[in-house]
Amino acid sequence: MKSLKVALLGCGSVGSQVARILTEDADALAERVGARLELAGIAVRNPDAPREVELDPALFTTDADALVSDADLVIELMGGIEPARSLMLSAIGHGASVITGNKALLAEDGPTLYEKADAAGVQLSFEAAVAGAIPILRPIRDSLSGDRITRVLGIVNGTTNYILDQMDTTGAQFDDALADAKALGYAEADPTADIEGHDAAAKGAILASLAFHTRFPRSEVHCEGITSVTAADIAAAREAGYVIKLLAICELQDDDGGGVTVRVHPTLLPREHPLAAVHGAFNAVFVEAESAGELMFYGQGAGGTPTASAVLGDLVTAAKRIVLGGPGRTESASAQLPVRGIGTAETSYYIGLDVADESGVLAKIAQVFADHGVSIETMRQTTHLDLVRPAERAPDADPDATPPSSAELRIVTHRGAEQALARTVEAVKKLEPVNSVTSVLRVEGV
């Protein structure tokens, strides 16, 4: 039986599991591929570092360039931009197919890699770059290739989903939920990329590029994290029948010449929406297509063994292509739709206001919304006393005076242009009876 040499770049939690499966399941993989997959070597910075899996020490090398130059298939799991990009380009230049989980590199410089792979006629696969074990990229690229996808909503970051879920189900504060996520291994020591939305934004760019056949740069993704979400926001959302999730939303627009928008931000979802039931560190991607309708893909979005499953799926597919022949597959940019900013997106807003509890306030606020062409769906008011402790009162204040009262106002709008909604909020802030805008969150799924 023919043998294909496999070079593995990186041996972290995912890489070590990939190496284990290649070694332990060699016979089964050979039957599926029609050739033996020979693990030729593993390039690492430190061959003596402790690993999650016991592997043959002879496999390890620090010479990644030499390993890549003699491989039929290269698995890149190093992460980061360099030297991963240079090594992948070198592999493609040598005629090797490449499998990667490097979402950051694909989001930053995917077009260069796609073009080089197309020119070389090799496969470039990256199922592991989005949502871990969940098979989502191949269904979008292949299974739905005869359909027209209109929208993709994804919970694609397990760290943020765990934090928001803990805040919703246990009443935990953000900092406490983040600490738990770190203790359980869901969050890195530096969780910035997760909680600020950067990880989800990179994945959103990849999803949009495949779903809409348009290369979508990471720089065009509107990105907001979850650090501003408070326990009060979570409680208010629950009371109104919503749950807050960090979503990557990719949308096809048909107005004004069409285009694609991609945005990542905390989002209110009705509790009956399928994505609202995604708990813990799990991921899910909700796809809307003209013929297929609504589809949801759910599963573990991270972890060594689950993500290794996605890597091995790509490896078997690429290896079978080498055995059977035929051109490589990367992605399609045939549509080349305009990339549009978030200002053109259609969404709804949830707005929390602290206002003076006095006559005419609701009418003034409603008038501002009407002036900006924004329709209010629901408006709820809760009156509460703004209790001021004696020590905080002005020296000349009347000690027997009734403390001033204020009201909490919660507004949900109908769908409208993001730009119009944002301008409305800015105008409301300037109203004299409005003490503060306590929260602004987008609403989807209604």
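General observations
- For the chain: relative contact order, % (alpha-carbon pairs under 8 angstrom, 6 or more apart): 16
- Residues whose amide H lies under 5 Å from that of Leu247, counting only those 5 or more places away or on a different chain, are His265, Thr267; hydrogens are built 1.01 Å from N in the peptide plane.
- With the helix formula -39500 (n - 2.57) applied to DSSP H stretches of n ≥ 4, the chain reaches a computed 222 nm mean residue ellipticity of -10000 deg cm²/dmol.
- Amide H to amide H distances under 5 Å link Ile376 with His414, where only residues 5 or more positions off or on other chains count and H is placed in the peptide plane.
- Contact order normalised by residue count of segment 284-382, Cα under 8 Å, 6+ apart, percent: 9
- Here is the list for segment 161-248: GluC sites (Glu not before Pro) lying in DSSP coil, each with at most 16 other C-beta atoms within 10 angstrom of its C-beta, are Glu188.
- Charging the Cβ of each Asp and Glu at -1 and of each Lys and Arg at +1, and nothing else, the dipole of the chain about its Cα centre rounds to 1060 debye.
- Backbone HN-Hα couplings from phi across segment 153-167 [Karplus 6.51/-1.76/1.60, Hz, Gly and Pro as x]: 10, x, 8, 10, 9, x, 4, 5, 5, 4, 4, 5, 5, 5, 4
- Loop-resident trypsin sites (Lys or Arg not before Pro) (DSSP state other than H, G, I, E or B) in segment 406-446 with no more than 10 further Cβ atoms inside 10 Å of their Cβ: Lys430.
- Cross-link pairs exceeding 27 Å between alpha carbons, from the set Lys203/Lys245; Lys103/Lys320; Lys5/Lys203; Lys103/Lys245; Lys182/Lys429: Lys5/Lys203; Lys182/Lys429.
- Alpha carbon centroid spacing (whole Å) that separates segment 42-86 from segment 261-275: 38
- Candidates Asp56, Asp65, Asp175, ranked by Gaussian network fluctuation over the chain, Cα under 10 Å, top entry: Asp56
- Where GluC sites (Glu not before Pro) fall in DSSP loop in segment 263-353, at most 12 other Cβ within 10 Å: Glu272, Glu290
- Average accessible surface area per residue within the chain, 1.4 Å rolling probe, Å²: 43
- Segment 142-213 - percent relative contact order, Cα under 8 Å, separation 6 or more: 34
- Extension reserve of the Asp70-Asp371 stretch, reckoned as 0.36 nm per residue once the Cα distance is removed: 101.6 nm
The values are calculated or read from the model by the stated rules, or taken from the named source; none is laboratory data. Model, not experiment: these values are computed from the prediction. Neighbour counts run over all protein chains shown; Cβ positions are idealised from the backbone, glycine included. Heads up: the accessible areas ignore ligands, DNA and RNA and are worked out on the full protein's heavy atoms, side chains in. Shrake-Rupley method; radii C 1.70, N 1.55, O 1.52, S 1.80 Å.
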